[in-house]
1. Percent relative contact order of segment A:95-211, based on C-alpha pairs within less than 8 angstrom and at least six residues apart?
2. Give the peptides A:462-471, A:597-606 in descending order of average Cβ contacts within 10 Å, highest first.
3. Taking the Cα centre of segment A:312-465 as origin, work out the dipole magnitude from +1 charges on Lys and Arg Cβ and -1 charges on Asp and Glu Cβ, in debye rounded to 20.
4. Translational D (Stokes-Einstein, µm²/s) of segment A:357-497 at 25 °C and 0.890 mPa s when Rh comes from the Kirkwood sum over C-alpha pairs?
5. Kindly identify segment A:312-354 as rounded, prolate or oblate by the Cα gyration tensor criterion: order the square roots of the eigenvalues as a ≥ b ≥ c, call it rounded if a/c is under 1.5, otherwise compare a/b with b/c, prolate if a/b is larger, else oblate.
6. Collect residues whose amide H, placed 1.01 Å from N in the peptide plane, falls under 5 Å from the amide H of A:Arg604; neighbours closer than 5 in sequence don't count.
7. Based on the mean of other Cβ atoms within 10 Å per residue, sort peptides A:21-27, A:121-127 so the most packed one is first.
8. A:Glu212 to A:Phe474: FRET efficiency via 1/(1 + (r/R0)^6), r the Cβ-Cβ distance, R0 45 Å, to the nearest 0.05?
Amino acid sequence: MNHTLEGLNTEQQEAVCHFEGPLLILAGAGSGKTRVLTNRIAWLIEEKQIKPWNIMAITFTNKAAGEMRERVNRLVDFGAESIWVATFHSTCVRILRRFIDRLGYGTNFTIYDGDDQKSLMKDICKRLNIDTKIYRERALLSAISSAKDELIGPEEYRIRAQGDFGKMKTAAVYEEYQRQLKQNNALDFDDLICKTVELFQENPDVLDYYQEKFRYIMVDEYQDTNTAQFRLVSILASKYRNLCVVGDDDQSIYKFRGANIGNILNFEQFFPDAKVIKLEQNYRSTQNILDAANGVIANNSGRKEKTLWTANGKGEPVRFRKFSTAYDEAEFIAADISKETAKGEFSYKDCAVLYRTNAQSRLFEEKFLLSNIPYRLIGGVNFYARKEIKDLLAYMKTVDNARDDLAVRRIINVPKRGIGATTIARIQDYAASHDMSFYDAMKQAGEIPGIGRGGSRVAPFVSFIQTLRSKMEFYSVLDLLHDIIEQTGYVRELEAEDTDEARERIENIDELINKAAAYEETQEQPTLSGFLEEVALVADVDNLDEDDNRVILMTLHSAKGLEFPNVYLAGMEDGLFPSYMCIVSDDPGEVEEERRLCYVGITRAMKRLTLTGAQMRMIRGEQHFNKVSRFVKEIPEDVLTGMEKESRQEERKPYEEKAGNERESRLDFKKDYRKAREAFRARVFEPQQFQVKKADHLDYGVGDQVEHIKFGRGRVLQIVEGGRDFEVTVDFEKAGVKKMFAAFAKLKKV
DNA sequence: CCATCCACGTTTTTT
DNA sequence: ACGTGGATGG
């Protein structure tokens, strides 16, 4: 038998050996879908002699893409690297970097994240005199985002809005928002997809090029695609019709982000000749866990019927524990993990605590710190969303793309340059009336009326950026970053502050430096745009390191696609999960979406599953009293333990008895919390291989001939010992005199 | 132009 | 409870 079919069940084999035409694989949780996808790729290449560069596999997260890449590399001996394995977003970026000039954008466009979108929206509302009390930025942005997900452009939006006052306002905002983005040469996340669709629709030659290139297309997590993504895929596949999608309608949990569950439910209507294969054998969990999952999901309507089964045996029952407060809940989980790891039953990294909202993570962090349990928190504030990181990135963006007004304005007065709101407004007006970018207006600051002495402060900033830009000819991303840090004194300022918080920020900056170094190491052709793009497209889950022996804390959403031997689903309470919003909503579909989320959570567990809930917890500063989640009650009784003990547990731990001690210990705790937490966090950053360290000596001296990776040969003119690194001045034969930091320059003595 | 104080809303989930 | 953003005063 062909080795790509070895160890696969009948259905899996059938899916792997499907050659041409549309294919829908309905793959239940843990049914080995990634394996099927990767083996199919190998099979196409080996058995059907398909060229690797004609195959594309699309995923949603970088992590999934990375995993698939790795497996494909192992399976395919020759040409694995030319198989296109990427996320939707990075696929689109790659295409747009090449062809977006056809749509009137520059190919060095920047990508706006949520924060960027919000500040742009704030500007627009101000300019259009929109009262953000009535029309909130968030609401406007989400309306625009939904429109984009449905491929509705500003013009069409306006037409559809006729007669609706509120929507007409939104239409105006949408139009202006798109105009601004274009003027800033920027795209938001949704644009990445829909501009690519637009590009294909308006440029048959480009479309044809990619249709020829991607003759075999595979889409993972298909249930999460939105209308725009579906269109993108179907346009690409329309020529050769070799579209293979893998998904599970029961795991569709991204409706709020525009995911259209109809894409999977109606696949056979779009492609009447589609072959449909169901994978129902689960290789991950015990039968008890699957029974729990099946019991819950059975309460949803309109599903593609599937029943997971396994050959793994029943395993232990699913546990349910109810506590009087959320503190007790966290304490129990911490104690339980300590117990299990001490027994040697599970190691830390086998355990995951999953919850509905990010806010719930705090209590677990606290208890874990107290119990000395190493943990890794996924989600919350994204690393790249931190202020210090965004500041530095804004500098880099400004150097990369001078049309990105948002970035320029973010940093124009960071650090303080005495350029205030008034000056900024003047420049803004001037730029608007002369139809130029903010940055270009700054260059002519002298001519701006009423700018006064602000003008003299703007000039040095402009020349600073100009100098950086001219240095880019020979600078690496790392050089640039380091130069920015040095010249702005960003780190020096933080050092002077001498607070815990400042130290944390410096650590983050060091981590950014590491990322830049890692980027340069791993990329064959590192570019500034490339780095900024990579940074814009990473999610926190992508950084999950399997070898790291820590308990994982994350939301149910982030957990999709992962598996753990020992899983805790915390906060199983009506009002929290399913959330209050869904319960009161008149759309029953909302509770169904939560139920799918619960299904996802349950099916993450391999051996042991524990559900917990609290009767009382603080939510947004208010005490809430919740009932046990309806989802717990949907689990068949015979696989669940703990439900019956419910009432007795309540009695044993009356709230008042605990309250005094709890409060006291919490007070004590607050002092140490920050410190301990920092220490913990810091360790996450520590073991990376690209640590930038000051060398204790250099193996070259003044007068020596050295070689630089980019500039070639040169002679060392001067070496100055700085606080963080040696600053080396070299006279290069071709590139001239450069100053650089020894740790980054990697000079070699010749 | 900048620092400080207070009011408000925010959270359900994220590429 | 917490952070953000606006208003206010120096």
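1. Computed value for segment A:95-211: 36 percent relative contact order.
2. A:597-606, A:462-471
3. 200 debye
4. Calculated translational D: 141 µm²/s.
5. In terms of gyration-tensor shape, oblate.
6. The answer is none.
7. A:21-27, A:121-127
8. 0.75
Any read-out appearing in this document is the output of simple, stated calculations on the displayed coordinates, not a laboratory observation. Nothing here was measured: the structure is a model prediction, and the numbers come from that model. No Cβ is skipped: glycine too gets one built from the backbone with ideal geometry, and neighbour counts run over all protein chains shown.
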